1. Looking at Ser66, Ser115, which one is among the hydroxyl-bearing types (Ser, Thr, Tyr), part of a loop (DSSP other than H, G, I, E, B) and on the phi < 0 side of the Ramachandran plot?
2. Sort through Phe110, Phe59, Phe93 and tell me the only one that's within 19 Å of Thr271 (Cβ to Cβ) and out of contact with any Pro (no Cβ under 6 Å at 6 or more places or on another chain).
3. Against the definition (touching a residue at least 24 places away in the same chain (Cβ under 8 Å), touching a His at 6+ places or on another chain (Cβ under 8 Å) and open to solvent by 10 Å² or more (accessible area, probe 1.4 Å)), how does Arg47 come out, yes or no?
4. Restricting to the range 193-220, count the residues that are under 23 Å from the mean Cα position of the chain (by Cα) and without any contact (Cβ under 8 Å) to a residue 40 or more places away in the chain.
5. Among the residues of the range 220-249, which ones are open to solvent by less than 20 Å² (accessible area, probe 1.4 Å) and at pLDDT below 80?
6. Condition first: among the hydrophobic types (A, V, I, L, M, F, W, C) and surrounded by fewer than 17 Cβ atoms within 10 Å (Cβ to Cβ). Now tell me which residues in the range 205-219 satisfy that.
7. Against the definition (closer than 28 Å to Gln223 by Cα, free of Cβ contacts under 8 Å to residues at least 60 places away in the same chain, open to solvent by less than 20 Å² (accessible area, probe 1.4 Å) and in a helix (DSSP H, G or I)), how does Ala88 come out, yes or no?
8. Please find, among Gly25, Gly52, the residue that is open to solvent by less than 10 Å² (accessible area, probe 1.4 Å), assigned to a helix (DSSP H, G or I) and at pLDDT 95 or above.
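The values are calculated or read from the model by the stated rules, or taken from the named source; none is laboratory data. This structure is a prediction, so every number in the text was calculated from the model and none was measured. A quick note on method: Cβ atoms are made from the backbone with ideal geometry, for glycine too, and the neighbour counts reach across all protein chains shown. Ligands, DNA and RNA are excluded from the accessible area calculation, which covers all protein heavy atoms including side chains. Shrake-Rupley method; radii C 1.70, N 1.55, O 1.52, S 1.80 Å.
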Amino acid sequence: MSQPTSDSPVAGAVYGVLASLIWAGFPAITKLSMASTLTAWDVTALRFGTAGLLLLPIFVRRGLGSLRWPAALLLVCGAGAPYVLLTAGGLAFAPAAHMGVITPSCMLLFSTLGSWALLGDRPEGGRIAGVLTIFAGIVMLGWDGLSNHGWRTWLGDTMFVLGGLFWASYTIGSRAWSVAPFHATVIVAVLSMLLYVPGYAVIEGSHLAAVPWTEIAIQAIFQGVLSAVVALVLYTRSVALLGAARGAVFAALVPSFSLLFAIPILHEVPTRLQVLGVVLVTGGMVLVLGLYDAAKWRPAPRAAT
């Protein structure tokens with residue numbers, strides 16, 4: 001029996017799982033550093049300072065492509081510095097596991113509603129059921145936060161919801177303007193660097209100079225290289241090998257992975273209500289992504305060679 005090649009479904013699954021693991025690690029790894037030395041402002045600067053420098057040569061060659069400046073700036077707001085400031089800032093008030101569940105699920109929820117309202121993409125019955133299920137899971141997480149972590153958790157959870165709304169605006173915008181995923185990443189990273197990092201350096205730069213270099217290196221590598229660049233490349237490759245329907249399943253793994261990462265890294269042991277909320281959100285994401293339709297999982301016929 002022949003071994004799987006780099007173009008096999010096995011390789012596609014490996015790429016998808018690795019991308020999900022990187023994205024799911026963002027809340028726990030970010031909060032770990034914020035608990036000791038870094039702030040949300042520092043994390044944002046390290047993320048886009050690193051990614052922006054890495055991708056600057058590509059931006060110089062490609063520029064904005066067919067995008068106009070207002071559209072490019074909307075993408076930057078949706079997935080760039082404002083998005084990271086919101087989600088990282090929310091970690092000061094709410095558990096990391098909440099971010100790992102609320103932000104990606106709200107992104108799917110708002111993307112579904114926004115696509116319906118703005119792009120005429122009317123959701124089917126299964127997707128509507130998924131939206132309602134996600135909402136129920138988020139309510140459970142909010143109730144858990146109010147019951148077990150205090151009223152300030154609602155502030156963090158609200159910031160995570162807004163982060164999902166920002167990310168959804170990026171998703172809808174990149175689809176409406178037909179922007180290639182990697183090109184969109186280049187635009188967001190470089191423009192975030194140019195618009196955010198200089199002001200940060202003037203106002204908060206002295207604080208980062210006092211942070212141990214190990215903390216700076218960890219966040220620069222994880223935020224600027226792994227999360228901002230490598231994860232997207234892996235996910236894009238997974239979708240190319242498996243198709244959009246099967247590749248999208250890995251986004252549904254992020255909430256569960258985030259919950260698991262928070263246990264050993266931050267010692268955030270989930271409550272029963274929190275686990276139930278994650279189960280509902282994950283199930284709702286599966287429905288919204290259309291993964292309930294078995295027909296979409298049939299492999300496409302191979303082209304004749």
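1. Details: Ser115 fails: part of a loop (DSSP other than H, G, I, E, B).
Going through Ser66, Ser115 in turn, the sole match is Ser66.
2. Values: Phe110 fails: within 19 Å of Thr271 (Cβ to Cβ); Phe59 fails: within 19 Å of Thr271 (Cβ to Cβ).
Result: Phe93 is the single residue among Phe110, Phe59, Phe93 that is within 19 Å of Thr271 (Cβ to Cβ) and out of contact with any Pro (no Cβ under 6 Å at 6 or more places or on another chain).
3. Values: touching a residue at least 24 places away in the same chain (Cβ under 8 Å): yes; touching a His at 6+ places or on another chain (Cβ under 8 Å): no; open to solvent by 10 Å² or more (accessible area, probe 1.4 Å): yes.
So Arg47 fails the test.
4. So the answer is 1.
5. Selection gives Ser238, Gly247, Ala248.
6. The initial filter retains those residues of the range 205-219 that are among the hydrophobic types (A, V, I, L, M, F, W, C), namely 208-211, 213, 216-218.
The answer is Ala209, Ala210, Trp213, Ala217, Ile218.
7. Numbers: closer than 28 Å to Gln223 by Cα: yes; free of Cβ contacts under 8 Å to residues at least 60 places away in the same chain: yes; open to solvent by less than 20 Å² (accessible area, probe 1.4 Å): yes; in a helix (DSSP H, G or I): yes.
Against the criterion (closer than 28 Å to Gln223 by Cα, free of Cβ contacts under 8 Å to residues at least 60 places away in the same chain, open to solvent by less than 20 Å² (accessible area, probe 1.4 Å) and in a helix (DSSP H, G or I)), Ala88 qualifies.
8. Values: Gly25 fails: at pLDDT 95 or above.
It is Gly52.
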